[in-house]
Amino acid sequence: MTGARQDGSSRDGDSAWTVRGGTESEHPEALRVFTEALNIPLQEELRGEREHPVIEHDRTLLALDGDRIVGTAMAHSFEMTMPGGPRPVAGVTGVGVWPTYRRRGVLSALMRRQLADIRARGENLAALWASEGGIYGRFGYGVPFREMRASVQRVHARLRPDAPRDPSLTVELAEPAQAREEMERLHRQAVPTRVGQFPRGANWWSRMLTDKPGPEAGRTRVALVHGPDGPQGYALHRLLSRWEVGLPQGQVMVRELVAATPAARVALYEHLLERDLIAETVFQSLPEDDPLTALAADPRRVDQHGFDALWMRLVDVPGALSDRPYNLGVEVVLEVTDRFAPWNAGRWRLKAGTGGARVEATDAAPDLGLDVSHLGAAYLGRVALTAFVDAGVATEYTPGVAARLDTALYAPRAPFCGTDF
């Protein structure tokens with residue numbers, strides 16, 4: 001276990017690594033370690049934080065070898081839409097280990113300390129975007145949903161004849177600065193409709209709307225749908241101009257699409273799919289159940305590729321399980337293993353129904369044995385615990401209990417975040 005010292009530092013068991021809180025003055029060096037670990041440009045990250053700061057310095061952790069910073073871990077304080085409504089969630093970010101210090105326990109020391117700090121803040125849940133898929137499962141994070149990258153070739157860009165179209169709607173193009181107020185309002189209205197989203201502050205918006213160099217660079221535009229009652233949706237996108245042998249091969253790269261009504265969504269889709277001199281429209285991030293495929297005249301022509309989105313972790317198992325709704329009555333004893341948050345390990349009786357849930361420690365025989373990462377994957381209601389039982393990595397002591405708990409947890413609408421952090 002991690003033991004705290006008087007100066008706020010800690011050691012991870014027998015590890016030689018000291019972990020302590022960082023300061024604002026140490027942030028450039030911490031960022032140097034993080035960017036080197038992830039192979040990303042340091043100056044771009046420094047400029048972004050200088051111009052539009054989002055780092056919470058009191059949530060920065062540093063791993064030290066003497067006086068040298070060799071590892072970092074940070075977190076944002078989010079209010080994220082969760083089953084049951086908005087909940088405080090630690091948005092883990094800035095995790096990196098200097099390359100010559102890999103595989104020496106630095107990351108383990110950081111993760112143990114960070115989980116203890118998150119728990120002390122009263123946050124039951126943590127979420128992160130994983131740089132590599134093989135890292136965070138062992139620290140108790142699970143993959144609760146996927147997002148989709150979808151592309152449609154211009155020659156096949158047709159929607160169904162019965163797609164809802166409203167002749168009173170118009171689409172206008174605007175610069176991001178001109179449309180920012182409308183985008184912020186529409187996004188704020190959309191956040192409660194999808195688990196996994198969080199309201200963006202001013203600096204988050206500024207970062208998102210800043211053009212960056214790279215293979216998908218291009219000038220950012222906003223397509224705004226207007227109706228009799230004002231803006232109904234927007235699509236934040238870039239146009240990439242390309243020509244091959246005298247023929248236009250341009251791309252529309254859609255960063256974000258928000259629509260308040262089905263008709264507004266159709267208006268945005270048709271605008272993005274039918275631009276002149278465009279060979280392909282690419283939607284960089286969509287929910288798994290986005291209506292695009294259902295609206296396409298030929299669904300096969302929507303080329304989709306899934307990728308794991310937010311990874312979730314139950315920092316406090318009884319707190320998280322008792323703080324969400326259930327679809328039916330269920331009573332189950334869970335035997336949870338958790339190497340990095342030992343306060344979660346043990347047997348917990350979950351008694352839940354449509355009116356609420358209660359979780360308490362118990363010595364009763366378990367119905368289901370599983371790792372805390374499996375609970376993180378299943379928590380949002382789209383990943384089945386039965387899959388872990390079938391894989392042999394979770395143990396069902398009472399036949400049928402995993403399927404019953406899956407039904408109780410199920411959420412019909414796929415989660416979606418759409419904001420990297």
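The table for this structure:
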{"read-out": "Carbon plus sulfur fraction of accessible area for segment 121-188, probe 1.4 Å, in percent", "value": "46"}
{"read-out": "Residue-normalised accessible area of the chain, expressed per residue, 1.4 Å probe, Å²", "value": "46"}
{"read-out": "P(r), alpha carbons of the chain - 10 Å bins starting at zero, rounded %", "value": "4, 20, 27, 24, 17, 6, 1, 0"}
{"read-out": "Rule-of-thumb Rg ratio for segment 294-421 [Cα; 2.2 N^0.38 Å; N residues]", "value": "1.18"}
{"read-out": "Rg/Rg_ref, segment 37-79, where Rg_ref = 2.2 N^0.38 Å and atoms are Cα", "value": "1.33"}
{"read-out": "Cα-based convex hull volume of segment 286-340 per residue, rounded to whole Å³", "value": "168"}
{"read-out": "13 Å beta-carbon shell around Arg358, net charge (K/R +1, D/E -1)", "value": "0"}
{"read-out": "Label point distance in nm, Asp298-His57, each placed 7 Å from Cα along Cα→Cβ", "value": "5.8"}
{"read-out": "Difference of contour (0.36 nm per residue) and Cα-Cα distance, Glu244 to Asn203", "value": "10.9 nm"}
{"read-out": "Relative counts (whole %) of C-alpha pair distances in segment 347-421, using bins that are 5 Å wide", "value": "3, 14, 22, 27, 18, 9, 6, 2, 0"}
{"read-out": "Separation in nanometres of the label points that stand 7 Å from Cα toward Cβ, at Ala177 and Arg121", "value": "3.3"}
{"read-out": "Inter-probe distance in nm under a simple model that places probes 7 Å from Cα toward Cβ, at Leu46 and Thr362", "value": "5.6"}
{"read-out": "Potential extension, Ala387-Glu274 segment - 0.36 nm per residue separation minus Cα distance", "value": "36.6 nm"}
{"read-out": "Mean residue ellipticity (222 nm) of the chain, computed from DSSP H runs ≥ 4 via -39,500 (n - 2.57), nearest 500", "value": "-7000 deg cm²/dmol"}
{"read-out": "Mean shadow area of segment 147-306 over all directions, Cα convex hull, nm²", "value": "9.9"}
{"read-out": "Surface share of carbon and sulfur [accessible, 1.4 angstrom probe, percent] for segment 317-409", "value": "50"}
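The values are calculated or read from the model by the stated rules, or taken from the named source; none is laboratory data. Keep in mind that what you see is a predicted model, and the values were worked out from it rather than measured. Every residue, glycine among them, receives a Cβ derived from its backbone with ideal geometry; neighbour counts consider all protein chains shown. Heads up: the accessible areas ignore ligands, DNA and RNA and are worked out on the full protein's heavy atoms, side chains in. Shrake-Rupley method; radii C 1.70, N 1.55, O 1.52, S 1.80 Å.
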